[in-house]
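Just below is one structure, and these are the notes that go with it.
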Amino acid sequence: MHFCFTEEQEKFRQEIVDFCKAELQEGSRTPDLPVSFRRKIAEKGWIGLSIPKEYGGQGLGAIYRVIFMEEMAYWRAPIVAYDYGVTMSLLGNMCLRHGSEAQKSEYLPKIAKGEIFCGQGYSEPQAGNDLSLIQTTAIRQDDHYIINGQKMWVHDAQTYRYTLLMAKTDITVPPERGISLFIIDNSSPGITVIPQIAMSGQTTPQVFLDNVLVPARNLLGEENMGWEYYLENKPFYWNKEQGAETGMMRRIFDDIVRYSKETKRNGVLLSQSAVIRQRLASMATDIRALRLLIYRMAWMETKGFDLSDIASLTRVFHVEAWIRFVNKTMQLMGLGGQLSRRQVPAPLGGTMEALYRQAALQLMQRAGPSYIKSTIATHHLGLPPAW
Amino acid sequence: MDYGFSEEQKILRKTARDFLSKECPKAMVRQMAEDEKGYSPSLWKKMAEMGWLGLVLPSEYGGSGGSFLDLVMLLEEMGRVLLPSPFSTTIVMCGLYILEAGNEQQKKDILHKIVKGEAILTLALSEPDVEYDPDSITVKAVANSDGYLINGNKLFVPYAHIANYLLCVTRTGENIDKGKGLTTFIVDNSSSGLNYTPLKTLARDKQYEVTFKDVLIPEHNILGDFDNGWRDVERTLQRATVALCAEMNGGAQNVLDMTVEYAKQRVQFDRPIGSMQALQHHCANIAVSIEASRSATYEAAWRIGEGLPCSIEVSMAKSLASECYTQTTQLSMLIHGGVGYMEDHDLPLYYRQAKTAEVTLGDADYHREKIAQELLD
Amino acid sequence: MVNFKFTEEQEAFRQEIINFIKVELSGKTNTATVRSSFVPKLVEKGWLGLTIPEEYGGLGRDAVYLTIFNEEMAYHQAPISLSLYGRSNSVFGKICLQHGSQEQRQKWLPRLAQGEAFGQCFTEPEAGTDMTRIQTRAVLQGDHYIVNGQKMFITTTHILRYTLLMARTNINAPAESGLSMFIMDNKSTGITFTPLMGMGGYRTNQLFLDNVEVPSENLIGEENRGYEYYLENKPFYLNKEKGAEVGALRRSFEQLVKYAKETTRDGHLLANNPIVRQRLAEMATNIRTMRHLTYRMAFMEAQGLDLFYIASIARVFIVETWLKFNSTALQLLGLNGQLQRGAHYAPLGGSINWHYEYDALQYFTRGSPSYTKSYIAMHDLGLPEN
């Protein structure tokens, strides 16, 4: 057992750090930075880190992917880790495991080049945590499926090219045995996307599918195996931004430490207040523990171990640590913490206010902690199913 | 990054678990609370034969030169069963201290004996109003023609009454700088002027008040640097803290296992209580907390083994373990109900041990302040 | 109209109790003689029958008075088991009053007022939180019920003469519709018990009932309605020591503050440690809130209002505050906190140390907080049944 990275991994991390420092200097954050930045990281091959070489990726293990996400988040790179994370953990991962050769050759290289993004089309108004309640249907007709239904929380059907859609292909059997997964082109006729704004400020589209024709070759894997693929993929999906959350927390923490060492409140430097020291130490401990769990999961992924238990434990720890973290940071910043971005006296550039609002999302997204705790209890600890 | 255990480590853990489940049933734990010595000499001998006492000591002293991580695994197993023994005190607090800071003669004299099970050692540090702060230590060692005279009271000295040697941290000079002016002496228990008073403690363990009255120690029993012993003591405390964390994590895991077992079979309202979501969440929370605690302990242990700076990691591990173990026992009490409260059940033993361990070698607040010092000052 | 002041009368009553305690206890050590003479003096004052109607020999006062009594007795560490009398009054006393026949009320309630305590004999190995699982049988035979079965965690068998028994009188009805309540004499032939020891020296018993004869006139209320009476009684039972927890915690807290102001650790006064200060402030806030909830509940009881919501809420808050106090206080006492009562350096005489063990009972007694919270969720907040 050892808790340090290999020389190659350290070099890789340094490469990313140097790149970020060079590209993201003061004054470099112009409106066209995001596009050029994303192009550059795609050129470096950093998007397809864990895609096998024969499909245009780097063929590196999960640890590299996590390092990449961590540093991108730490340096506040103008990428949305989520975009890459969701695409890789859904389309990427499932293609690798269950896709046909044609699908692998079609999608994986494009994912590796950052050319396409794919979101999740599972939830429906009546089906949140319990996806067996979905009603969207996919009826086979010659070499097409005709899809009808309604999906919610399909991020981001407005801008992504693809959605991985869960639909019922057999309504005569119990739900879990009649579900299939499809790779849907979001520009297909019959798809209507209606955006909704969440408290976090993010848009989260609702998608209506009205007799949408999907080529049969866009079925992922086998018909009626979708539920199994979904379950197997859960750990990867839950932890798709593995690394990004730690990077973000580390960055905010370093900023907060600096802030505490420079800011006085009521005549006393924040960093000298015993209570604030306790809170900062707690935050540092949470970050460390989370980081240890995240890298352990990445290590387990490279070894091919089953990830369900570690993913659940890590996810719960992450969400609760993040909520604690955000609460403490807001408290620490006192009255100034309420000020939003770009307001002049806002501490830390007013980022915390937005993050605090977004934090609530963590309590319900990707199956909230309550649901996952029940999974931990029954799956990991062996307690009887809840009533 | 490698989170895997080696084959040897896996064997060590399995052997330890099997051995201890046989040799350390709860009846033995309870008996030791009443027993005058507080540990089983015959079990100690067996542990020596298993090579446990020399696990982390070099082969030149008869040990097997294992890593600190190996030791941590063993300690987890000991914590699981609440083994009452001077193992950690002797090997971690004192054996490794002597290995690191002792001169050749001291190492030769004592380390062999430890490995063979012929010497038990303990550390005398805390005092009535002093826990772990070097600058507050009052027990004095004053030079005279024959050596040094030690006077004063030490408190919470584990197994003092049966220790062959006590490592006593004394004030020999001014604390012109933080931690300065302290010297550690190896006190032979046959020295005159030593008095031991047993302390009645929550965990019913063997902790003593040791009174030093003109205890004469020869100069060659100074351990490490004169007037500058705190540096070594600090490292000793770091090792001892991580060792304690390992025991705490083992204990917490056992309590979780016990609680889950009970929740599966206890039926109320026509269902096993373990099917109630609230209880499921309690158990899940404990599981998450133990994972976090254990991860931090392993990292700290690895860093100690590698000789890397580890002050932050040690404090992170202890702050997590302190809160994890007590909360685990408290939730377990809630879930077990009446049966877990009865003295003939195992839970009270863990409940008391967890609370003791929470504050031993610094509670979570103390360690968070240490983390803050590293980060902010 | 919300008013956080006590009436003049209530204040006078509180002062009367304080004066009484000062006269009877100050300067005296807690010897057996002092203890054994204290309760009779309370009886003389009529205070053990505070809430029993005057027609049965009590003082006919309301729950607020009882709360004041409990609070001050606990605060001044008076040598009386408020838990024992509390249970006796809220369970046996209330149920007898509500459902006993006139003869039963006239026979038993005056005895309560005279300081005799009555126990509670419900729990069984399979029936803890779920009382519908009671299996002890009571079969009517002539003018007696013959009782057979086993009871568990019965704390008062070895110290009280009479107890309130819950047993099954109808095995053909649904579980919750076949239970009845009886007044049972602990000295009856056929009752044997073995002691069970809990933490901190807590003593309880396991009971075996072997063809025990219970006179049929000792049936309380109607046959087979026992579980109904039990549920209706729950709010009173949940907070049987109303006020005592507050008084006891207030006292412990003050001792802790005093200790912090006098004790140096590692060269610094504990009371100057910012973290200690934060914790003490939190404790003070919670104890204050606990007190508010307690008196609000007493006020509502005095007004005859429905108590189910407030009793559950109060119980959860009180238990959590109480347990958190013990845990945090013991942590603040550091290494010395480990020292038990009687040990030389034990802070506060080792009382917090002992409480940490003894009070662990509160994690589950009268229903675990988890259960009570589910109850609050379903019955008070209207969430669907679990």
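Might you check whether a residue that is farther than 26 Å from B:His367 by Cα, within 13 Å of another protein chain (Cβ to nearest Cβ), crowded, with 19+ Cβ neighbours inside 10 Å and modelled with pLDDT under 95 occurs anywhere in segment A:223-240?
No, the conditions are met nowhere in segment A:223-240.
Among the residues of segment B:318-345, write down those that are of a type in the set (Gly, Ala, Ser), farther than 15 Å from B:Val260 by Cα and at the interface with another protein chain (Cβ under 9 Å from one of its Cβ atoms).
B:Ser319, B:Ser322, B:Gly338
Is it fair to say B:Ala160 is within 25 Å of C:Arg341 (Cα to Cα) and within 14 Å of chain C (Cβ to nearest Cβ)?
No; evaluated as a whole, the condition is false for this residue.
Pull out all pairs, ordered by first then second residue, where Cβ-Cβ is under 6 Å, the residues are six or more apart or on different chains, the first lies in segment B:246-273 and is over 17 Å from B:Pro348 (Cα atoms) and more than 14 Å from chain C (Cβ to nearest Cβ), and the second is crowded, with 16+ Cβ neighbours inside 10 Å and among the hydrophobic types (A, V, I, L, M, F, W, C).
Between residues of segment B:246-273 that are over 17 Å from B:Pro348 (Cα atoms) and more than 14 Å from chain C (Cβ to nearest Cβ) and residues that are crowded, with 16+ Cβ neighbours inside 10 Å and among the hydrophobic types (A, V, I, L, M, F, W, C), the close pairs are B:Ala246/B:Val72; B:Ala246/B:Leu75.
Among the helices (runs of 4 or more DSSP H) confined wholly to segment C:194-302, which include 1 or more residues that are within 14 Å of chain A (Cβ to nearest Cβ)?
The qualifying helices (runs of 4 or more DSSP H) are C:274-302.
Looking at B:Ala284, B:Ala301, B:Ala354, B:Ala292 in this structure, which one is touching a residue at least 60 places away in the same chain (Cβ under 8 Å), among the hydrophobic types (A, V, I, L, M, F, W, C), in a helix (DSSP H, G or I) and within 14 Å of chain A (Cβ to nearest Cβ)?
When all the criteria are applied, what remains is B:Ala301.
Tell me which residues, restricted to segment B:40-91, are buried (at least 18 other Cβ atoms within 10 Å of the Cβ) and of a type in the set (S, T, N, Q).
Answer for segment B:40-91, where residues must be buried (at least 18 other Cβ atoms within 10 Å of the Cβ) and of a type in the set (S, T, N, Q): B:Ser40, B:Ser67, B:Ser85, B:Ser88, B:Thr89, B:Thr90.
Which residue is farthest from A:Met1 (Cα to Cα), if the candidates are limited to segment B:1-50 and must be under 19 Å from the mean Cα position of the chain (by Cα) and not in a helix (DSSP H, G or I)?
Per the criteria, the residue is B:Lys37.
Please find, among C:Gly382, C:Gly342, C:Gly349, the residue that is within 10 Å of chain B (Cβ to nearest Cβ), surrounded by fewer than 22 Cβ atoms within 10 Å (Cβ to Cβ) and out of contact with any helix residue (DSSP H, G or I) (no Cβ under 6 Å at 6 or more places or on another chain).
C:Gly342
Okay, residues lined up against (1) crowded, with 18+ Cβ neighbours inside 10 Å; (2) over 30 Å from C:Gly350 (Cβ atoms); (3) over 16 Å from the mean Cα position of the chain (by Cα); (4) outside the structural domain of B:Arg171 (by TED's automatic domain parsing):
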position: B:Lys200; (1), (2), (3), (4): no, no, yes, no
position: B:Val210; (1), (2), (3), (4): yes, no, yes, no
position: B:Lys213; (1), (2), (3), (4): no, no, yes, no
position: B:Leu216; (1), (2), (3), (4): no, yes, yes, no
position: B:Thr241; (1), (2), (3), (4): yes, no, no, yes
position: B:Cys245; (1), (2), (3), (4): yes, no, no, yes
position: B:Met248; (1), (2), (3), (4): yes, no, no, yes
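Looking at segment C:132-174, what strands (runs of 3 or more DSSP E) fall wholly within it and have at least 2 residues that are at pLDDT 95 or above and of a type in the set (S, T, N, Q)?
Filter on segment C:132-174 gives C:144-151.
Could you please find all residues in segment A:134-167 being more than 30 Å from A:Val80 (Cβ to Cβ) and either buried (at least 21 other Cβ atoms within 10 Å of the Cβ) or among the aliphatic types (A, V, I, L, M) (or both)?
A:Ile139, A:Tyr145, A:Ile146
Can you tell me which residues in segment B:251-277 are surrounded by fewer than 19 Cβ atoms within 10 Å (Cβ to Cβ) and of a type in the set (A, V, I, L, M)?
B:Met258, B:Val267
Among the residues of segment C:247-274, how many are basic (Lys, Arg) and over 24 Å from the mean Cα position of the chain (by Cα)?
Qualifying residue count for the region: 3.
Which condition does C:Asn3 not pass, out of (1) assigned to a helix (DSSP H, G or I); (2) at pLDDT below 80, if it passes all the others?
All conditions pass for C:Asn3, except number (1).
Can you find even one residue in segment A:60-72 that is basic (Lys, Arg), within 15 Å of A:Ala112 (Cβ to Cβ), surrounded by 14 or more Cβ atoms within 10 Å (Cβ to Cβ) and not assigned by TED's automatic domain parsing to the domain that holds A:Phe253?
There is at least one residue in segment A:60-72 that is basic (Lys, Arg), within 15 Å of A:Ala112 (Cβ to Cβ), surrounded by 14 or more Cβ atoms within 10 Å (Cβ to Cβ) and not assigned by TED's automatic domain parsing to the domain that holds A:Phe253.
Criterion first (among the aliphatic types (A, V, I, L, M), within 8 Å of another protein chain (Cβ to nearest Cβ), assigned to a helix (DSSP H, G or I) and buried (at least 22 other Cβ atoms within 10 Å of the Cβ)) does C:Leu335 satisfy it?
yes
Give me the pairs, please: first residue somewhere in segment C:248-262 and loosely packed, with under 12 Cβ neighbours inside 10 Å, second residue anywhere and small (Gly, Ala, Ser), beta-carbon distance under 9 Å, and either six or more positions apart or on two chains.
C:Lys261/C:Ala271; C:Glu262/C:Ala271
The values are calculated or read from the model by the stated rules, or taken from the named source; none is laboratory data. No experiment lies behind these values; they were computed from the predicted model shown. So basically every Cβ, Gly included, is an ideal-geometry build from the backbone, and we count neighbours across all protein chains shown.
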